[in-house]
1. Within the chain, what's the longest run with no GluC sites (Glu not before Pro) in a DSSP loop and at most 12 other beta-carbon atoms within 10 Å? Give the range, please.
2. What's the extension gain from Glu89 to Arg63 if we count 0.36 nm per residue and subtract their Cα-Cα distance?
3. Which one of Arg199, Arg208, Arg110 has the biggest mean-square fluctuation once the chain is modelled by GNM with Cα springs under 10 Å?
4. In sequence order, what are the phi-derived ³J(HN,Hα) couplings for segment 181-198 according to the Karplus relation 6.51 cos²θ - 1.76 cosθ + 1.60 with θ = phi - 60°, rounded to whole Hz, with x for glycine and proline?
5. Counting only C-alpha contacts under 8 Å and six or more residues apart, can you give the relative contact order of the chain as a whole percent?
6. Pick from Ile85, Ile70, Ile202 the residue whose mean-square fluctuation is largest in a GNM of the chain, springs joining Cα atoms under 10 Å.
7. Under the Karplus relation 6.51 cos²θ - 1.76 cosθ + 1.60, θ = phi - 60°, what is the ordered set of whole-Hz ³J(HN,Hα) values for segment 101-107, x standing for Gly and Pro?
8. Counting only helical runs of four or more DSSP H residues, what would the 222 nm mean residue ellipticity of the chain come to if each run contributes -39,500 (n - 2.57) and the total is spread over all its residues?
Amino acid sequence: MVVEDDPSVVRLLSSLLEDDGYQPVVADTGPEALELLDSVGAELVLLDLTLAGPWSGNEVLRRLRTTSDIPVIIVSGKAGEVDRIVGLEMGADDYVTKPFSPRELMARVRAVLRRRPIGGGDDRDGVVAAGPVRMDVDRHLVTVHGHSLDLPLKEFQLLEVLVRNAELVLSRTRLIEAVWGPEYYGDTKTLDVHVKRLRTKIEPDRHRPRHIVNVRGIGYKFTIR
């Protein structure tokens, strides 16, 4: 999510996120940002401090931290040491000053997301489950509707990430980093190939998937139905 009221900065940040595989949601006021986070959700917030409207960026951050630990990177023209310290102590994960290097900003976005584990899921004694899928992570065991499956490592890891985050949309970039690592620079179609293989094994009809669902322009999610 981009929380910024300068149209030129919004265009730049949105373009950078889209180029990295994300589907940014934009808000130009604090109340709109919190409303969108509640209704749509996001993986990370890029937050300006000098917003139009009733709330400053610091007020948005304060309110956000009462209910959420979503990663927040402040992107602000306020470059003073006090501003940076206050932002970080209020709960921001990083602070970037304007004007910024696009490459550095996106490196910081990826670094912040890597520090945050993906999903908690239903984890009892190493077991995660959603819908018909039950996974014993410690013993590398998977059952679907009670029937055992033999999955290669990457398919197992991909399914685990999806199941832990059931009903949440995960971007292609986030999935690739979680399964193949942040240094992976191969073809992103690798993800689609593994999804196709998983669908063949767990879906009643792989051509009409019910559980591993494509979210156009963003990535995939695991649905419980």
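1. Details: sites that count: Glu167, Glu183.
Here the longest run is 1-166.
2. Details: separation 26, 0.36 × 26 = 9.36 nm, distance 1.40 nm.
Taking 0.36 nm per residue and subtracting the Cα distance, the gain is 8.0 nm.
3. Maximum among the listed residues: Arg208.
4. Listing the rounded values in order: x, x, 8, 6, 10, x, 5, 5, 5, 4, 4, 5, 5, 5, 4, 4, 5, 5 Hz.
5. Details: 338 pairs, mean separation 32.0, N = 225.
This gives 14 percent for the chain.
6. Result for the chain, Cα springs under 10 Å: Ile85 fluctuates most.
7. 7, x, 5, 5, 4, 5, 5
8. On the way: 8 runs with 90 residues, N = 225.
For the chain, the value works out to -12000 deg cm²/dmol.
Coordinate-derived values only; no laboratory data. Keep in mind it's a predicted model, so treat the numbers as computed, not measured. In this analysis, Cβ positions are derived from the backbone assuming ideal geometry, glycine residues included, and neighbour counts consider all displayed protein chains.
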